[in-house]
Amino acid sequence: MADAGPRVLVAGASGFAGALAARLVERHPRFVLGPVTSRSDAGTSLDVLYPHHRVGRELEVLDLDRHGDVDAAIVAYPHGASAPVVAELLGRGVKVVDLSADFRLRDLAVYEEYYVPHPHPELLGDAVYGLPELYRDALRGTSLVAGPGCYPTAAILTLAPLARAGLLDDVVIDAKSGVSGAGRAATAKTHFVSVDENVSPYGVGTHRHAPEIDQELGALGAPVTVTFTPHLVPLDQGELVSCYVRVAGDAEPGDIVALYEQAYAGEPFVELSSRPPGVRDVRETNVCRIHVTIDPRSRKVLAFGAIDNLWKGTSSQAVQSLNLMFGFGETEGLA
Ligand SMILES: NC(=O)C1=CN([C@@H]2O[C@H](COP(=O)(O)OP(=O)(O)OC[C@H]3O[C@@H](n4cnc5c(N)ncnc54)[C@H](OP(=O)(O)O)[C@@H]3O)[C@@H](O)[C@H]2O)C=CC1
Ligand SMILES: CC(=O)N[C@@H](CCC(=O)OP(=O)(O)O)C(=O)O
C-alpha cells in the first residue's frame, strides 16, 4: 500500500471486476487508490458488498469535476457505457485502462456488428490491446488500454506461439467459464438453479469474443477464423480453454513444446505445464497456465490454457498494463 504515487480512480467498482481492481490498486506498492464509484451502491462501503476484498472505501457517484483529478483510471463499465467516460478521462489527461470491449476491436464495422453503435470511434486507433505478453512495448507508451476479454486472454495466450509460427490451419476452441464472467447481476441463465450441476454451451456460432480472437491471432500470422464455443460451468471463478488445432506440416510433440518454451521464456505470468492445467491451479493469480501436446491419433495439436477470469482475464491483467504504462516493474503488486 503506497502513501504517495499515481492516484487511480476505479469507475464501476461495485461490479466484480471493478471491486477486484480496487483491491489490487489499494494493496499496490506504487499506486494509490483514488475514488471508487457506482450509481446504485453509492453511499455503501466496498467492504459491505465484498467483505473478502477488505477495502473499506465508500462508493460515490462518478462526478469528473470532483473525481477527475487523478493520474489513471480503470473503467469497469459494460460495453457502450464505457467509451463516453473513457473519452472524457482522456480529455483530462488521465491514463485509462478500459475493461469493456469498447476499444478492443480495431475494425469499427466488426465492433458494430457484435456490439452497439460506437460512441467514440475516433479513439479506436489510439487504443493498445492490453495483453502485455503481445504488446509490452506499445503499452509502455500509451494512454489508452483496451482490456482484453477473458476468453480471448486465455485463447490467444494458448495459441499465440502456433499463430506466430504460421502453423494454425483449422482451430477449434472449446471454452469453459465460471459464472462471475457474466457480471454481478443474475439472469435466468446465470442464477444458481440454472447453473448448479449443469454445463451448457452458449453463444454458439455467435459469441462476440470470436472476432476478437481472430483479430489478435491473425495479427501474429495469417488470417484465421476460429470455431469458438463457450460453456458456462458451475464455478464462481475460473476459465479453461481446450484448443484443437490442425497444423500445417507434420510437427512432433517435442518441436511444439520447444516452440512454446521459446515463446514464453522469461514471461512472468505464463507457466508451461507438463500436465493439462485446471482452473484451481491459477485461482486468484495473474497466471495463464498452458499445456501443449500432439494427439498421436489425429496428429492435431492439443493446447490447454487456464486462467482466473477475474484476475488474468480482467483486473490483475489491467494492473499489469498499468504497471507498464507508468514504467513500474511489470509484476509489482501482482506477485
Ligand atoms: N467479469 C469478468 O470476468 C470480465 C469482465 N470484463 C468486462 O469488465 C466490465 C465489468 O464487468 P463486471 O464487473 O463483470 O460487470 P458487473 O455487472 O459486475 O459490474 C458493472 C459495473 O458497472 C456499473 N454500471 C452498470 N451499467 C452502467 C452504466 N450504464 N453506466 C455506468 N456504470 C454502469 C455497475 O454499477 P452501477 O450500475 O451501480 O453504476 C457496476 O459497478 C465489463 O465491460 C465486462 O465485460 C472483461 C473481462 C472479464
Ligand atoms: C460466463 C460469461 O458470461 N462470460 C462472459 C464473458 C466475460 C468477458 O470477458 O466479458 P466481456 O467481453 O463482456 O468483457 C460472456 O460470455 O459474455
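The values are calculated or read from the model by the stated rules, or taken from the named source; none is laboratory data. What you see is a predicted model; the values in this text were computed from it and never measured. Here the Cβ positions follow ideal geometry from the backbone for every residue, glycine too, while neighbour counts run over all protein chains shown.
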So, in region 78-90, how many residues would count as being more than 10 Å from ligand 2 (Cβ to nearest atom) and either in the same structural domain as Glu216 (by TED's automatic domain parsing) or farther than 22 Å from Arg140 by Cβ (or both)?
7
Given the residues Val282, Val233, Val199, which is the only one that is under 26 Å from Arg136 (Cβ atoms) and aliphatic (A, V, I, L, M)?
Val282
Exactly one condition in (1) within 14 Å of ligand 2 (Cβ to nearest atom); (2) over 13 Å from the mean Cα position of the chain (by Cα) is not met by Ala155; state its number.
(2)
Considering only region 43-102, state which residues are in contact with a His (Cβ under 6 Å, 6 or more places away or on another chain) and surrounded by fewer than 18 Cβ atoms within 10 Å (Cβ to Cβ).
Ala87
Filter region 209-253 for residues that are touching a Gly at 6+ places or on another chain (Cβ under 8 Å) and assigned to a helix (DSSP H, G or I); the one that is farthest from ligand 2 (Cβ to nearest atom) is Glu212
Failed item in (1) within 16 Å of ligand 1 (Cβ to nearest atom); (2) not assigned by TED's automatic domain parsing to the domain that holds Ile294, with Leu235 passing the rest
(2)
Test: Pro161 is in a helix (DSSP H, G or I) and either in the same structural domain as Tyr202 (by TED's automatic domain parsing) or closer than 26 Å to Ser40 by Cβ (or both):
yes
When only residues in region 1-55 that are touching a residue at least 60 places away in the same chain (Cβ under 8 Å), part of a loop (DSSP other than H, G, I, E, B) and farther than 22 Å from Asp236 by Cα count, which is farthest from ligand 2 (Cβ to nearest atom)?
Pro29
Residue that is nearest to Tyr77 (Cα to Cα), among those in region 281-335 that are basic (Lys, Arg) and not in a strand (DSSP E or B):
Lys312
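Take the residues of region 60-88 that are more than 21 Å from the chain's Cα centre (by Cα) and of a type outside the set (Asp, Glu): which is nearest to Ala11 (Cα to Cα)?
In this case the residue turns out to be Leu62.
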Which one is farthest from ligand 1 (Cβ to nearest atom) among residues in region 178-217 that are touching a residue at least 60 places away in the same chain (Cβ under 8 Å) and of a type in the set (Asp, Glu)?
Glu216
Single residue of region 181-208 satisfying the filter (near ligand 2 (Cβ under 8 Å from one of its atoms) and under 21 Å from Phe304 (Cβ atoms)) that is surrounded by the fewest Cβ atoms within 10 Å (Cβ to Cβ):
Tyr202
Assess whether Ala127 counts as being of a type in the set (A, V, I, L, M) and either more than 17 Å from the chain's Cα centre (by Cα) or surrounded by fewer than 19 Cβ atoms within 10 Å (Cβ to Cβ) (or both).
no
Determine if region 92-109 includes at least one residue that is within 30 Å of Ile290 (Cβ to Cβ), in the same structural domain as Asp63 (by TED's automatic domain parsing), touching a strand residue (DSSP E or B) at 6+ places or on another chain (Cβ under 6 Å) and of a type in the set (S, T, N, Q).
no
